[in-house]
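Structure first, commentary second.
What follows is calculated from the coordinates using simple rules that are stated; it is not laboratory data. This is a predicted model, so every value here is computed, not measured. Cβ sites come from the backbone with ideal geometry, for glycine too, and all protein chains shown count toward neighbours.
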Amino acid sequence: MNWENNTCEWIPTAGCALLKTGLWFDAIRVPGTAGDRVAFLLAADCAGEPGPVVGELIGPRRLSFLLPPRSAPRYDWPPIAESHGRYAEDVATFIGIPALAGYTWPLFWFARPTAERPFVDPALLHGKLQTEANAHAPS
């Protein structure tokens, strides 16, 4: 993964910040190992740089895939994913965003934004989530 210092204006310079979805980004949260599998599949299709993905190390462990603002409501996300954006059911969702360096526990970057991928591609993420949901659906 590219760990270059990216200067997105919404990333805090130190520590962590809670940012409201729908303004700087939308987010798709995926819990546990399902989130891990989707993140690795996505990274494999993007030469290791899928766009910004933030992980949480406490509470219900999950990954938040950061999408362009106002893009999440365009898709019918599978039940394993929680959609958070301007027009999502919960318009006041806040996502924790870690700084690029220093102490950011309990948040970490699975993948950082890059100049080529400032956000995760919503269509690509939707496809990977559908694949994951279908692979682990009850028979």
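Taking the condition under 16 Å from C16 (Cβ atoms), buried (at least 16 other Cβ atoms within 10 Å of the Cβ) and either out of contact with any Asp or Glu (no Cβ under 8 Å at 6 or more places or on another chain) or charged (D, E, K, R) (or both), does R62 pass? Yes. Checked against (1) over 12 Å from the mean Cα position of the chain (by Cα); (2) on the phi > 0 side of the Ramachandran plot; (3) surrounded by 16 or more Cβ atoms within 10 Å (Cβ to Cβ), R70 passes all but a single condition, namely (3). For the stretch 93-139, the tally of residues that are among the basic types (K, R) and either in contact with a helix residue (DSSP H, G or I) (Cβ under 6 Å, 6 or more places away or on another chain) or over 16 Å from E49 (Cβ atoms) (or both) stands at 1. Within this structure, A27 passes the test of being surrounded by 15 or more Cβ atoms within 10 Å (Cβ to Cβ), of a type outside the set (D, E, K, R) and in a strand (DSSP E or B).
Any idea which of (1) in a helix (DSSP H, G or I); (2) of a type outside the set (D, E); (3) without any contact (Cβ under 8 Å) to a residue 12 or more places away in the chain is the one A47 doesn't satisfy? A47 satisfies all of (1) in a helix (DSSP H, G or I); (2) of a type outside the set (D, E); (3) without any contact (Cβ under 8 Å) to a residue 12 or more places away in the chain except (1).
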